[in-house]
Amino acid sequence: MPRKLPSGTVTFAFTDVVGSTRAFIEHGPAYVAALPVVHRAIAASTTAHHGVVVETEGDGAFLAFPDALQGLEALREIQSRLERQPDDGPWLRVRIGAHTAEAEPVDDGYLALGVHVAARVSAAACAGQVLLSQALVDELGAAAPQSVVDLGAFDLKDIREPVRLWRACGDSTSPRATPARHTNVAEPLTSFLGRQQELEELDLLLGTPGLVSVVGPGGTGKTRLVSEYALSRASGRPSGIWLVQLASLTGPGQLLGTMTTAAGFPGTTTVSAFADELARRGDPILVLDNCEHLVDSVADLVHDLLVEARSLRILVTSREPLEVPGERVLRLRPLATGRPGDGSAVADDLFIARARSAGASLGPSDRDVVRDISLLLDGLPLAVELAAARVGMLPPTDLLANLRQGRVALRQRGGPARQRNLESLVGWSLDLLDDRHRDALRVLSVIPDRFSASMAVELLARMPGLPANATVELARRSLIDLDGSEYRMLSTIRDVVRADLVDHPDLKEAATEALFDWAVHRSAHPDTLESVSSWEARAMEDAVAWGLTHQREGAGDVMRQVARWATTHTRSPEVLSLAETVIATIPHPTSVDEVRLVSAAIRVLIGLHSEVKVTEDLVRRVIAAGRGTADPETLREVAGATSSIMLNLGFPDEALSLQQEAVHLAETTLARAGSLADLGWVHHMRGELEEAERIYEEALAITPPEVFNHLTLMGNIAEAQLDAGRFDQAAAQARKARRAAQGDPMLAAWTLGLLAIAEIGRGPSESARSIAAQAEAELVEVTRRDSPIGYVLDRLREVRPS
């Protein structure tokens with residue numbers, strides 16, 4: 001009749017006589033007589049604690065217990081009995097290992113992986129010891145004796161993952177197994193998020209011997225990345241991955257000794273001897289962290305090591321490449337920020353994880369604010385972590401506002417001094433620059449966003465004594481980043497450099513003036529209206545503000561570009577504030593430049609639905625001033641900017657007349673197309689939908705497809721058809737516009753919203769509901785930043801079935 005064996009959660013144990021073969025040879029019959037005594041002691045303790053001797057074979061026994069604590073007590077009792085040397089006969093000492101797992105009896109025994117793990121744990125034990133697996137200790141929970149000692153993780157034969165072992169009794173002899181940690185990197189205090197792609201890239205780059213450099217600005221997580229690489233890959237590399245910290249070193253004379261000690265070869269005094277030691281170990285990876293302040297000496301030493309040990313792999317972190325022959329560079333950029341749920345918002349995930357660790361309670365409603373914080377901090381891991389630590393003291397919305405206004409200092413206690421705040425982090429890099437390149441960085445910090453190489457050259461060329469090609473050196477040192485064809489300076493770096501620039505007022509004034517001159521020059525190009533980029537528009541905003549304060553000629557041309565960008569792309573609080581400042585500063589425009597400034601500001605205020613009221617008196621003064629300039633282009637701009645206000649003020653006929661005048665004054669095809677588009681809009685607002693559609697079509701016919709207005713006109717036509725109740729035509733036109741607008745998120749959402757409204761107008765259907773749901777999601781996303789197309793979202797919600 002089969003025995004009743006424990007089932008469910010079972011604690012398995014194996015006992016084995018240590019040195020049994022030698023004992024048998026030495027003692028013969030005495031050994032044979034002593035072995036049953038051992039088995040009886042094991043059986044007695046096992047039975048007394050409700051366990052079962054599943055099997056005995058030779059000098060070993062296989063035990064099973066239904067309760068982990070009872071099992072542990074039995075195993076300790078066994079060792080207590082057997083560790084007393086007998087008065088006569090051989091002393092047969094045993095090793096014991098135990099593991100807890102789920103199992104069910106099979107044919108009066110067990111077929112379970114947990115049995116094999118228990119056997120391997122037993123094989124790792126030494127005489128007199130009882131070793132426990134982590135699973136068994138977890139099962140014990142609070143009942144685990146305080147005397148149980150954590151021995152660390154070990155690689156056990158045929159067991160895929162390392163097993164953490166604990167010693168329940170016996171001496172401190174190390175287990176008979178290979179430690180799983182083949183590295184000197186300490187386990188981190190916080191979780192590792194993201195960077196999986198970078199870890200895989202390191203696998204590829206380190207697939208062959210040589211030098212691999214992880215290069216990036218401070219705070220991007222270079223040290224954390226290589227540390228995680230060591231921790232996650234060392235178990236598969238028996239010769240190990242060894243980290244050498246260089247940040248605290250003050251001179252090249254300390255390099256070799258620090259490296260040899262960290263790698264486990266203290267006292268090695270020559271590069272050749274060090275290379276020999278590394279080669280004898282097998283195939284180790286040497287990781288040199290924070291090389292930038294000793295970059296020349298590190299480069300020389302690395303070169304010599306690679307010459308001496310051709311199979312060696314060296315991984316370094318630095319803010320600039322070592323430029324050693326054969327070097328392979330991985331440029332580490334900030335973490336990605338993206339839409340919630342799309343898998344790319346790693347910076348947001350990091351913020352939430354660290355904020356929760358700091359005791360903050362964040363919910364789904366906080367996700368948008370978190371994303372704004374991550375974007376503001378460029379996704380820079382250190383900055384994100386420092387900001388997240390403040391959420392326990394400030395609600396996320398308040399933290400965001402304070403960060404935008406520079407009213408919160410991001411700092412922490414502990415860790416390297418250079419990483420306790422952003423000022424120290426950036427200062428570490430600035431201190432490594434010569435004076436000329438440091439001044440060049442200060443000049444470039446006045447640019448509020450990305451910039452091209454030509455823009456940088458134009459600004460720096462106006463600064464006597466500064467290298468016009470400084471971007472090359474600054475990018476090499478990771479203080480600016482070449483992203484495609486554009487450079488960018490992380491806002492975290494820019495803020496620190498700008499604070500430093502305050503102490504150099506003459507340089508600051510000259511740099512800002514150079515930015516203004518660049519903006520005026522850029523605005524003078526005939527194609528600027530259509531080719532200006534978002535980052536150029538940001539720079540132009542700052543240029544207008546400076547030009548307005550200093551009463552510089554040319555600010556009007558620049559403001560025209562700002563207005564064009566703002567009214568077609570985004571409702572920025574900064575550009576609204578700038579427009580309001582223009583109106584307040586120039587109540588009575590007279591010169592061509594002033595008239596252009598004010599008319600452009602009016603276009604911004606109306607186009608972005610500002611709460612600031614533009615009075616009839618101001619509008620009429622601007623119209624009169626425009627006529628007084630005797631400049632057709634200026635008058636066209638004034639007429640175009642003021643017609644919509646006259647419409648809103650209750651003068652529809654004057655609005656129409658002004659816009660017709662703007663069309664008449666247009667001197668180029670592109671200008672005529674723009675004025676026709678505005679004229680169509682006036683007819684549209686007057687309810688003259690057929691005429692509006694006709695004029696939109698006329699404007700579309702002469703607008704090149706690559707021009708932004710071409711897309712808006714396609715949408716305008718669909719909107720006019722929609723307002724006329726011609727839902728079939730509106731749906732077809734909106735689909736066409738949607739396809740053309742795929743490269744622009746705002747226009748894509750706008751046209752999809754129009755399509756959804758048209759489909760709903762055609763009648764309820766599953767397709768209409770699906771399109772409406774997608775449109776609402778896209779519109780919510782793009783209007784979250786107060787986009788000028790928010791009215792489409794409101795309209796969709798009014799007509800969308802519940």
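The values are calculated or read from the model by the stated rules, or taken from the named source; none is laboratory data. Everything numeric in this text was worked out from a predicted model, so none of it was measured. Here Cβ is always computed from backbone atoms with ideal geometry, including for glycine, and neighbour counts include all displayed protein chains.
Some observations on this one:
- Within the stretch 559-604, considering residues that are of a type in the set (A, V, I, L, M) and within 31 Å of the chain's Cα centre (by Cα), the one modelled with the lowest pLDDT: 566
- Given (1) free of Cβ contacts under 8 Å to residues at least 60 places away in the same chain; (2) touching a Phe, Trp or Tyr at 6+ places or on another chain (Cβ under 9 Å); (3) outside any helix (DSSP H, G or I), index of the condition residue 609 fails: (1)
- Meets criteria (of a type outside the set (S, T, N, Q) and either within 21 Å of residue 21 (Cβ to Cβ) or not assigned by TED's automatic domain parsing to the domain that holds residue 125 (or both)) for residue 84: no
- Among the residues of the stretch 486-493, at least one is within 25 Å of residue 372 (Cβ to Cβ) and assigned to a loop (DSSP other than H, G, I, E, B).
Listed here are the residues, each with its yes/no results for (1) closer than 19 Å to residue 56 by Cβ; (2) surrounded by fewer than 20 Cβ atoms within 10 Å (Cβ to Cβ); (3) charged (D, E, K, R); (4) more than 46 Å from the chain's Cα centre (by Cα).
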position: 79; (1), (2), (3), (4): yes, no, no, yes
position: 82; (1), (2), (3), (4): yes, no, no, yes
position: 97; (1), (2), (3), (4): yes, no, no, no
position: 107; (1), (2), (3), (4): yes, yes, yes, yes
position: 132; (1), (2), (3), (4): no, no, no, no
position: 141; (1), (2), (3), (4): no, yes, no, no
position: 155; (1), (2), (3), (4): no, no, yes, no
position: 165; (1), (2), (3), (4): no, no, no, no
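- Restricting the stretch 457-468 to residues that are at pLDDT 90 or above and part of a loop (DSSP other than H, G, I, E, B) leaves a set whose member that is surrounded by the most Cβ atoms within 10 Å (Cβ to Cβ) is 466.
- Filtering the stretch 356-394 to residues that are assigned to a helix (DSSP H, G or I), crowded, with 18+ Cβ neighbours inside 10 Å and either assigned by TED's automatic domain parsing to the domain that holds residue 223 or small (Gly, Ala, Ser) (or both) leaves 374, 383, 387, 388.
- Selection count where residues are crowded, with 18+ Cβ neighbours inside 10 Å, within 30 Å of residue 783 (Cα to Cα) and modelled with pLDDT under 85, scope the stretch 605-636: 6
- Pick from the stretch 182-215, criterion among the acidic types (Asp, Glu) and over 23 Å from residue 345 (Cβ atoms), ranking: nearest to the chain's Cα centre (by Cα): 203
- Count of the stretch 5-53 residues, restricted to those that are surrounded by fewer than 11 Cβ atoms within 10 Å (Cβ to Cβ) and touching a residue at least 24 places away in the same chain (Cβ under 8 Å), is 1.
- Any hit, the stretch 382-397, residues being under 30 Å from residue 302 (Cβ atoms), aliphatic (A, V, I, L, M) and in contact with a strand residue (DSSP E or B) (Cβ under 7 Å, 6 or more places away or on another chain): no
- Selection count where residues are surrounded by fewer than 21 Cβ atoms within 10 Å (Cβ to Cβ) and either of a type in the set (Val, Ile, Thr) or over 22 Å from residue 726 (Cβ atoms) (or both), scope the stretch 761-781: 9
- Criterion (within 20 Å of residue 209 (Cα to Cα) and in a helix (DSSP H, G or I)) met by exactly one of 315, 278, 288, 243: 278
- Inter-residue pairs, beta-carbon under 6 Å, first more than 13 Å from residue 97 (Cα to Cα) and of a type in the set (A, V, I, L, M) and in the stretch 54-67, second in a strand (DSSP E or B) and at pLDDT 95 or above, 6+ apart: 54/62; 54/64
- The set of residues from the stretch 658-693 being under 48 Å from the mean Cα position of the chain (by Cα), surrounded by fewer than 20 Cβ atoms within 10 Å (Cβ to Cβ) and polar (S, T, N, Q) comprises 668, 669.
- In the stretch 395-406, of all residues being modelled with pLDDT under 80 and assigned to a loop (DSSP other than H, G, I, E, B), the one that is surrounded by the most Cβ atoms within 10 Å (Cβ to Cβ) corresponds to 406.
- Residues of the stretch 637-657 that are modelled with pLDDT of 90 or more and surrounded by 16 or more Cβ atoms within 10 Å (Cβ to Cβ): 651, 652, 654, 656.
- Residue match in the stretch 713-726 (condition: surrounded by 22 or more Cβ atoms within 10 Å (Cβ to Cβ), part of a loop (DSSP other than H, G, I, E, B) and in contact with a helix residue (DSSP H, G or I) (Cβ under 9 Å, 6 or more places away or on another chain)): no
- Considered as a group, the residues in the stretch 727-744 that are touching a helix residue (DSSP H, G or I) at 6+ places or on another chain (Cβ under 8 Å) and exposed (fewer than 15 other Cβ atoms within 10 Å of the Cβ) include one that is nearest to residue 531 (Cα to Cα), and that residue is 742.
- Number of residues in the stretch 248-275 that are assigned to a loop (DSSP other than H, G, I, E, B), surrounded by fewer than 17 Cβ atoms within 10 Å (Cβ to Cβ) and touching a Phe, Trp or Tyr at 6+ places or on another chain (Cβ under 9 Å): the value is 1.
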